[in-house]
Amino acid sequence: MDRSFIGATTVSSSASSNSTVIEYNYSDIFDGDSDYVSGSDSYPSSLVSTHADSRNVNGRRYLSRRQVDYSFPHDEEEEVRLDLIHRVWTLALEGKMFKAPIPGSPNKILDVGTRTCLWAIDIAEQYPDAQVFGTDIAPSKLPWAPPNLDVQLEDVEDDWVFPENTFDLIHIRSMAGFVTDWPRLLAQSFTALKPGGYIEFHDFSSLFECEDGTLAPESVLNLWVKTWEEGATQSGRNWSTVGPEMPAMMRVVGFENVVNEAYKVYTLGARPQEDKRLREMSMCMLRQFLEGAEGITLDMFIRVLGWDKKDVEDLVAKVRKEMLNPKINAFTRGHIVYGRKPL
Ligand SMILES: C[S@@+](CC[C@H](N)C(=O)[O-])C[C@H]1O[C@@H](n2cnc3c(N)ncnc32)[C@H](O)[C@@H]1O
């Protein structure tokens, strides 16, 4: 695939403002889907319909497997789920974009796996003098972007195109289950950072944890999570990397002053009543699970794990029911991990 620089393919600028409409060549991104139709994939053909730019599974759109082994949807419903997660992080960080103690303002910033560019747009607006880059295998079409944001088609697992010592900050959010070689990604980030620059991860290391026994080990929710994790492992990935394992991996690569902050988002059952911020985080988290459950399950369970479509639908219905059971109290653990490239 031609990994063209998206900034260079910007198609129009509004005369009345400095806003820019960014278009992507979706035939490059989705690259047809004849690999599925030709039977090189494990979907039953009844589940798969194709059109020029995408692959549909049960009404949800997913990336071509030629592109990358990515199991979450790439459609508008998924963008709504990502909006909700963005809101959770905005509330968790109380409006800050990052926690790394960067002296002064960052000049060059990279957002890896940027997708809808929500974080990248916010930081570009907060730091109008900074140059912000977002990379993704399939960034969303943006109706508008700040002039100091460039979006590039890049696979983070390929060789990076950025010169050494470029960035003050590299931000990586919600990529936990999607990277096969974290040490290589960390090494490439280390090289691309300026001395004294920071890498920062925002991610969830678990879907549900429970401290009062109301989420039984044999619950459908636990079965769902465990099975999803088995699928990730089969695809060479690990969901829980960012919290528990990332700090040690970062130190091996050479990062220093590594900080790992963990916190709970009360997702199921009782929610914080007094604190409006925590309550809104809970609501957004639950909503993104309820609305996103089918999309994040279909591809992994059918293609990777070989489940039947009907069984997946049944499971998702039961998962949603348990999520709404007020007697189950469970939280989701978020992690903010950052570290510095030595001066
Ligand atoms: C769950 S989304 C998170 C998007 C964004 N970081 C956010 O927090 O809203 C994961 C993103 O990673 C991208 N992605 C997955 N594998 C990738 C890879 N190998 N290289 C670059 N991007 C990748 C997907 O296309 C998707 O946009």
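Where a number appears in this text, it was derived from the coordinates with a stated rule and is not lab data. All of these numbers come straight from a predicted model, not from anything done at the bench. No Cβ is skipped: glycine too gets one built from the backbone with ideal geometry, and neighbour counts run over all protein chains shown.
Tabulated data for the structure shown
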item	result
Cα centroid separation, the range 233-264 to the range 143-200 (Å)	16
Total lysine pairs under 23 Å (Cα atoms) in the range 53-341, excluding pairs fewer than 8 apart on one chain	29
Radius 13 Å from Cβ of residue 191, net charge of other residues (Lys, Arg +1; Asp, Glu -1)	+1
Added length on full extension, which subtracts the Cα-Cα distance from 0.36 nm per residue, residue 223 to residue 77	50.1 nm
Local electrostatic count, residue 116, Cβ distance below 12 Å [Lys/Arg +1, Asp/Glu -1]	-4
Compactness index (Cα Rg / 2.2 N^0.38 Å), the range 244-296	1.62
Principal axis box of the range 79-136, alpha-carbon based, largest edge first, Å	32, 25, 16
FRET E, pair residue 256, residue 157, Förster distance 22 Å, beta-carbon r, rounded to 0.05	0.30
Calculated from backbone phi, Karplus (6.51, -1.76, 1.60) coupling profile of the range 233-249 in Hz, x at Gly/Pro	4, 4, 8, x, 10, 9, 5, 8, 4, 5, x, x, 9, 4, x, 5, 4
Protection proxy ranking, peptides 308-316, 170-178, 233-241, average beta carbon neighbours within 10 Å, highest first	170-178, 233-241, 308-316
Cα-based Rg / Dmax (Å) for the range 53-341	18.7, 55
